[in-house]
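No lab work stands behind these numbers, since they all come straight from the coordinates. Because the structure is a prediction, the values reported are computed rather than measured. Because the Cβ atoms are built from the backbone with ideal geometry, glycine has one as well, and the counts that use them run over all protein chains shown.
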Amino acid sequence: MKLLWLFSWYFLLIGELFAQNLPKDSIDIFKEGAPSSLVQQYQDLWQSSSHQEFWQEFQQKFASDFDPQKQYQLTFSQNIDTREIELFKVRNQQMAFLKSHSNFSKFSDAFKHYVENTIRWQYWYQLLNYAVSRSNADPKNLKMASLPNVMVEALDPKKIANEEAFLSTSYRDFLMVFVTYFNSRQRGFEKYTNLGAAMNDKAAFAKKYLSGPLLPYYLCRLLRENCTNTPKDAVINTLDELKRIPQTERYLQLATEKCQETLNRKEEIAATPTTPTKESTLAPKKGEDIVFQTIDGKPFYLSDFKGKVVYVDFWASWCGPCRKEFPYSKALHEKLTEKQQKKVVFLYISIDQSPAAWKQALQTLQLPGEHGHVSVNLNTQLLRKYAIDSIPRYMIIDKKGNVVLPDAPRPSFPDTLSEILKLID
């Protein structure tokens, strides 16, 4: 019995790790947050030795079809028609392997359904992820890539909720790209320039089409995967939605723990419409429509740096990936000679809604260079002008004031310094 118990937990573990193409969370949200009855149903699938043996064979035979790196490469190396044909062929091969297996008659109905769901929803996950991943990789495109209608017509949002399929990792991964893709389709495939609006809209879309244990799982995962880079008010709104669902205390705890840093942010109360901000009283400079403020409250424009090469870093105090790049920014600055430093400007533009949060972060970070903040009423205008749909985002401006690299390499990339230096002379 002890050996059987160890085997069951071994297959429980590999069942969760298998078929994952998304970045791994440090917590298994399903196992930690789902109702215990559902987790028990999953564990029961591995009590049979025939189930365990088949699953091991299945993993070995189709390992590359579930390998995240391999599938990511195919997403960018194949066109959509080729990708769909290959995914469809793989799905048929996997299904044929299941139904022709010598132990098929020994499998329980629940196990058969589990494997079928793994195969089916992995196909749909990879198909939708083709559009989502390629769109995320192209920040200059303001539209999400849409799939041909004939490829997705079988996916009816009103019929997506499937509690039996919820046991499958493939289906749970699918839920994330399903909401992203179909919510985007509902908006005409326009990309978001506001991360808070993106989270609020996705939560509302999920609430409309996901039911039972699916909705709290989705909201928890949405928060855990995005709250670090999302404005505090949207995180609070989504947590409130999660609180309204009965018996989701475990999901709520998982989400709150992950988002605690965001929830602890101190944000200023925005000025009322009857109290004009200092930025709003400034007249735009000729030929420019966006005015920035220094940490001392003085206005400036990008054109003020004409005659120098400008490496622009769009960031926010709440953006974890932005902060990870700062040591590399400092290293870039230090690699310049004293003469080169006079010809190059490292300009950090914050999109923080709270000027106080921005200033506090600067005190902590001590970044060498120039710093600017854009007022809330100009935030959307800035994001649209430079097609910024995510941060960190970098841009290089030449000495004439022309944006030569609207999507410049990150400070950590090895060719960044050479891109800057070649514009000096």
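Listed values, structure above:
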read-out	value
Among beta bridges that DSSP assigns inside region 295-425, antiparallel share in %, nearest 5	40 percent
Nearest-20 debye value, region 2-191 charge dipole, Cβ charges on Lys, Arg, Asp, Glu	360 debye
Among ASP67, ASP138, ASP109, residue whose mean-square fluctuation peaks in a GNM of the chain (springs only between Cα atoms under 10 Å)	ASP109
The chain: Cys lacking any partner C-beta under 4.7 angstrom	CYS220
Whole-Hz couplings from phi, Karplus 6.51/-1.76/1.60, listed for region 296-301; x for Gly and Pro	8, x, 8, x, 7, 10
Net length gained if the chain between LYS106 and GLN56 were fully extended (0.36 nm per residue, minus Cα distance)	16.4 nm
Share antiparallel - DSSP beta bridges, the chain, percent rounded to 5	50 percent
Hull shadow area, averaged, region 279-421 [alpha-carbon convex hull, nm²]	8.2 nm²
Radius of gyration and maximum dimension Dmax of the chain, Cα, Å	24.9, 80
Student exercise, the chain dipole from Lys, Arg, Asp, Glu Cβ charges, in Debye to nearest 20	740 debye
Farthest toward positive dipole pole in region 284-370 [+1 Lys/Arg, -1 Asp/Glu at C-beta], among LEU367, SER354, ILE290	LEU367
Cα-Cα over 21 Å, subset of LYS324/LYS359; LYS89/LYS143; LYS232/LYS298; LYS306/LYS385; LYS191/LYS400	LYS89/LYS143; LYS232/LYS298; LYS191/LYS400
Three-way shape label, region 130-231, alpha-carbon gyration tensor, a/c 1.5	oblate
Inter-site label distance for ILE295 and LYS324 at 7 Å from Cα along Cβ, in nm	2.5 nm
Charged-residue dipole, Cβ positions (Lys, Arg, Asp, Glu), region 166-241 about Cα centre, Debye nearest 20	140 debye
Relative contact order (%) - criterion: Cα under 8 Å, at least six apart; region: region 279-421	31 percent
Length-normalised contact order for the chain - Cα pairs under 8 Å, 6+ apart - percent	14 percent
Region 2-191: relative contact order as a whole-number percent, Cα under 8 Å and 6+ apart	25 percent
Average silhouette area of region 310-355, convex hull of alpha-carbon atoms, in square nanometres	3.5 nm²
Among SER105, GLN78, PHE54 the positive-end extreme of the charge dipole of region 41-106 (Cβ point charges)	SER105
Phi-based couplings in Hz for region 53-63 (Karplus 6.51, -1.76, 1.60; Gly and Pro marked x)	5, 4, 4, 5, 4, 4, 5, 5, 6, 10, 4
Proxy reagent accessibility, fewest Cβ within 10 Å first, across VAL132, VAL310	VAL132, VAL310
5 angstrom amide H check on VAL345, placed H, neighbours 5+ away	VAL309, VAL310, TYR311
Gain on full stretching of the segment that runs from GLU32 to PHE88 - 0.36 nm per residue minus C-alpha separation	16.9 nm
For the chain, calculated [θ]222 nm from helices alone, where every DSSP H run of n ≥ 4 adds -39500 (n - 2.57)	-16500 deg cm²/dmol
Nearest 10 degrees, 0 to 90: helix 232-243 Cα axis against the chain principal axis	20 degrees
